[in-house]
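To start, the structure itself, in structure tokens.
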Amino acid sequence: MLLKKVTIHKYKSFLTEQSLDVEKGITRIVGKNESGKTALLEAIAKTNYFEDNKDFIFNKDLDYPRSELVKVRATNPEVVTCEYELEDEDVAPIEDAFGTGILIGRTISVCSLYDNTNQVGGVYANFDAFKNWVVSEFAVDDSGKAIILNAETFDNLEKGVGENLSLAGMKDVKSRLEIIKKDAHGWPVPLAGYIYFKFIQPAMPKFWYFSDYFSLPPRINLSDFEAGRTGVLSPDEIKIARALFELSGLSVSDIRSENNFEAFRAQLEATSNTITDEMFDYWTTNQNLQIQFEIEHRDNNIRFLNIRIYNSKHRVTLPLKNRSKGFLWFFSFLIWFSKIQGDKKSKYIILLDEPGLSLHATAQNDLLRFIDEKLAPDYQVLYTTHSPFMIDSLKLNEVRTVYDSQDPKIGSVISDAVQEKDPETLFPLQAALGYTIAQNLYVSPRNLLVEGISDLVYLSHFSAVLKNIGMEGLSDDITIVPVGGADKIATFISLTRGNELSTVCLLDTFTDQKAEAHLKRMVEQKIIADKKILYYHTVLGQPFADIEDLFAKEEYLALYNGAFGTSFKVADLGGSKPIMAQLKRLNGNQQFNHYTPANYMAKNIGTLTFSKETLNNFEKVFAMVNSKFV
């Protein structure tokens, strides 16, 4: 079951209804401090938290916006609505029970109220399919079949069966109807209620929330822990410590026992090796560390579990607390994650609040890789951040933004990354994009310089499409580097000079004479070879062309119209100029953002198809580019 959409009605800083579209894999929520990111994750978590926890239930006095609390004192307002989509694995047991076609639709909604009850919508059963199942499942005769098939509602069916118990199979049908009605828990439509409580509700994903406050203590008093005394440990530290013992398969009483102590030590060492191996697959900052568990003996049979980190390079051990805060966070996260990873009976959605905030940029990139590779294949993940190093600049379609409107009547606002206008909220996205460009420029041995982000989007997409259908795409070892305009091409080429990097330029027809002159001088000075400068008009065999001219005209117009809400037709263009120049004319000679249609394509990729003409043009580009790197 997939979470598709979350609607916050009113909760803390969210004073007006806000909606968040949730990705199948990762949803990246970006915003400044105090923008409402944590409140958003908290609200989602409280709808179905994975364990009983008083901190994750709704409390109207604490959670409802204070400015309006008096107005709702005697009511039970809505707080969050989650929309889910049933997957095939969710539908299969329902159809196994009642036959194919029993469900009408796969989208359900669960609205959480402030008293922590729910209102469920969208569960509809096909009564005709149910009746057909009944007559095929039970040995009823023709008379019984007629009674069952003629019933218009569940109550009519129940009544008709009850009045004809003497007919063959009717007593069995009555028993089944009674079970369905009983397990529907008073729903107006018993069959739909039965399906929800019997099949859908148990399959609902649980929310697992992890923040910077969860950390494993470096030293645990086993006597206190076994007796349930918190001692110096916080409730969150106790939970993670308990997760550690569950991971090792040991009970605290076992560790405190004198019997088979070596066996317990062996299990602790096996646990430390497992955690070490998993952690250092994704912790590249220092590969010389190893996690060790030690049992410390004190008088009166008091024992402590000490968690230490061994540095093989310096050959010393230090308590866990002496390692960096970032290391402690990553280690604690793996321990806590193991708790749900070992639960194969339930489905989870992971909520990470500012993950890796104390990590260095490189370690944040490691964490981002961990989320992409380890979490996303099996779990939906929503995480918040304000760090550019926790954003994949090639997946901006997965980004949602949250910002404080500063309006006391509106509060926090959720928006799509492309629609966001607040410059401070956008800064991490812009920084991530710049960082990616800088990294690509110096890391990749083969760089294709293009003018802008729209080139990157189009070329990346069509390269993947062409490869999937057996045509030629861009070589895998070539990195596309958007430089931000033709006027910056010369600067970027200068930066790559002397780094033993191979560079090819792929450009629109020049309209900036100054930029063209700079590039020509670089050719004359043999900084770049003339054959390494390619133009889209060369592929198309015409005097002028931009990347957008690689599309069949009606197909690019579909992107433009979809992005800007216009309705231009091919007949409106006219002339032989590049399509962008013709659209500028139709736009009253006003410039427009070339990235907007590219972003529209990226966001609607599943509904768009492209002609052989377009695919052939892009293939010609890739073949030409690939040949220049040989």
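In terms of the Cα gyration tensor, with a ≥ b ≥ c the square roots of its eigenvalues, is the chain rounded because a/c is under 1.5, prolate because a/b exceeds b/c, or oblate? Present the calculation step by step, with values, prior to reporting the outcome.
Numbers: a/c = 2.08, a/b = 1.24, b/c = 1.68.
In terms of gyration-tensor shape, oblate.
Under 5 Å between amide H atoms, partner at least 5 residues away or on a different chain: which partners does V481 have, H built in plane at 1.01 Å?
Counting only residues 5 or more places away or on other chains, the set is L448, L449, V450.
Students often check this: by mean Cβ neighbours within 10 Å, which of 47-57, 141-151, 325-335, 595-605 ranks highest, and how do the rest follow?
Highest to lowest by the protection proxy: 325-335, 595-605, 141-151, 47-57.
Starting at the first residue of segment 541-554, write each ³J(HN,Hα) from the Karplus equation 6.51 cos²θ - 1.76 cosθ + 1.60 with θ = phi - 60°, in whole Hz, x for Gly and Pro.
Each residue of segment 541-554 in turn: x, 9, x, 9, 6, 10, 4, 5, 6, 6, 6, 4, 3, 5 Hz.
Return the long-range amide H neighbours of I391 (sequence gap of 5 or more, or a different chain), with a cut-off of under 5 Å between placed amide H atoms.
Answer set, sorted by chain and number: none.
Which percentage, to the nearest 5, of the DSSP beta bridges contained in the chain is antiparallel?
The answer is about 60 percent antiparallel.
For a protection proxy built on the mean count of beta-carbon atoms within 10 angstrom, sort 342-349, 270-277, 6-13 highest first, please.
So the order, starting with the most tightly packed, is 6-13, 270-277, 342-349.
Using 0.36 nm times the number of residues separating N397 and T538, minus their current alpha carbon distance, what extension gain do you get?
47.6 nm
Sequence neighbours fewer than 8 away in the same chain don't count; with that in mind, list the lysines whose C-alpha is under 28 Å from K345.
Cα-Cα hits under 28 Å: K4, K5, K24, K46, K54, K181, K182, K198, K206, K239, K374.
For segment 55-214, what is the convex hull volume of the alpha-carbon atoms per residue, in Å³?
Details: hull volume 23.1 nm³, N = 160.
Spread over its residues, the Cα hull of segment 55-214 gives 144 Å³ apiece.
How many percent of all Cα-Cα pairs in segment 444-628 sit more than 28 Å apart? Intermediate values should be presented prior to the final figure.
Values: 4054 of 17020 pairs.
So the portion of pairs separated by more than 28 Å is 24 percent.
Counting other C-beta atoms within 10 Å, and keeping those with at most 16, which DSSP coil GluC sites (Glu not before Pro) do you find in segment 162-249?
Listed in order of number, the matching sites are E163.
With no solvent and one point per C-alpha, what does the Debye sum give as log10 I(q)/I(0) for segment 6-46 at q = 0.14, 0.23, 0.34 Å⁻¹?
-0.30, -0.83, -1.36
Among 66-79, 370-383, 457-470, 30-43, how do they line up from the highest to the lowest mean number of other beta-carbon atoms within 10 Å?
30-43, 370-383, 457-470, 66-79
Would you give the gap between the C-alpha center of segment 31-53 and the C-alpha center of segment 136-195, rounded to a whole Å?
44
Give me a comma-separated list of calculated 3J(HN,Hα) values for segment 358-372, in order, Karplus coefficients 6.51, -1.76, 1.60 applied at θ = phi - 60°, integers in Hz, x for any Gly or Pro.
Calculated HN-Hα couplings, in order: 8, 8, 5, 3, 5, 5, 5, 5, 4, 5, 4, 5, 4, 4, 5 Hz.
Convert 20 °C to kelvin, take the viscosity as 1.002 mPa s, use the Kirkwood radius over C-alpha pairs of segment 279-418 as Rh, and evaluate the Stokes-Einstein diffusion coefficient in µm²/s, rounded to a whole number. Kindly include the intermediate steps, with their values, before the conclusion.
Numbers: Rh = 17.9 Å.
Translational diffusion coefficient: 120 µm²/s.
For L534, list long-range residues whose amide hydrogen, built 1.01 Å from N in the peptide plane, is under 5 Å from its own amide hydrogen.
Under 5 Å from the amide H of L534 lie the amide H atoms of C505, L506, L507, each far enough along the sequence or on another chain.
log₁₀ I(q)/I(0) of segment 126-186 at q = 0.13, 0.22, 0.23, 0.29 Å⁻¹, via Debye over equal Cα point scatterers, no solvent, to two decimals?
Here the Debye-derived log intensity ratios amount to -0.27, -0.82, -0.90, -1.43.
Values in this text are rule-based calculations from the coordinates and carry no lab data. From a predicted model like this one, the values you see are computed outputs, not experimental measurements. In this analysis, Cβ positions are derived from the backbone assuming ideal geometry, glycine residues included, and neighbour counts consider all displayed protein chains.
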